[in-house]
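First comes the structure, then the notes that go with it.
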Amino acid sequence: MITKATKEDVPQLVKLVNSAYRGESSRKGWATEADLLGGIRTDDEAMTEMVTRPDALVLKYLSEDEITGCVYLKNQHPKLYLGMLTVEPGIQAQGIGKKILQASEEYAKENGYSSIIMTVISLRHALIDWYIRRGYLLTGEKKPFPSGNPRFGIPKQELEFVVMEKVL
């Protein structure tokens with residue numbers, strides 16, 4: 001089941017996101033950033049801001065009353081920004097990410113967005129390919145990685161984002 005996350009979900013969301021992107025636990029899945037970035041992916045303060053912003057929401061995927069996936073969606077009208085698509089590492093590659101992405105696209109269509117945009121670290125080739133298989137295209141635009149702020153992680157090498165978009 002996919003529903004909107006609330007402030008009460010913040011501790012579970014923070015634990016899920018950090019376990020999927022950073023540290024040894026993230027290596028159980030294919031979406032890890034552990035080789036690219038140290039530190040944490042998010043904290044309680046950042047996640048609380050995400051779930052309470054009036055122009056954004058976090059969708060959570062529930063498996064037997066436990067949050068095992070999530071995604072951040074932010075209004076950049078006429079486009080919808082999608083970020084932090086997360087699935088628990090031990091159950092990645094079972095279709096949960098596809099379901100969350102599909103729910104995001106349905107939300108975008110229902111709310112009149114023209115497309116979904118996202119930024120992906122350029123070195124994450126498997127993830128970029130995963131999005132391409134789902135109809136997202138590289139726009140050719142690149143953005144710098146916010147490297148002076150440990151809140152986003154500590155880069156282990158020079159990083160940049162590529163922008164991807166899917167017209168709805």
(message) I need to check one value: relative contact order of segment 2-167, counting alpha carbon pairs closer than 8 Å and at least 6 residues apart, in percent.
(response) 22 percent
(message) To the nearest 20 Debye, how big is the dipole of segment 2-167 about its Cα centre, given +1 on the beta carbon of each Lys and Arg and -1 on that of each Asp and Glu?
(response) 380 debye
(message) Under 15 Å between alpha carbons, and skipping anything fewer than 8 positions from LYS143 in its own chain: which aspartates and glutamates qualify?
(response) GLU158, GLU160, GLU165
(message) Taking 8 Å as the Cα distance limit and 6 or more residues as the minimum spacing, I'd like the relative contact order of segment 96-168 as a percentage.
(response) 42 percent
(request) Give, in nm to one decimal, the length gained when the segment between THR3 and GLU49 is fully stretched (0.36 nm per residue of separation minus the Cα-Cα distance). (result) 14.8 nm
(request) Holding the Cα-Cα limit at 26 Å, pick out from LYS142/LYS166; LYS28/LYS74; LYS74/LYS166; LYS74/LYS98 the pairs that are longer than that. (result) LYS28/LYS74
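Read-outs throughout are calculated quantities, based only on the coordinates presented, and are distinct from any laboratory measurement. For clarity, every value in this text was computed on a predicted model and none was experimentally measured. Every residue, glycine as well, gets a Cβ built from its backbone with ideal geometry; the counts of neighbours run over all protein chains shown.
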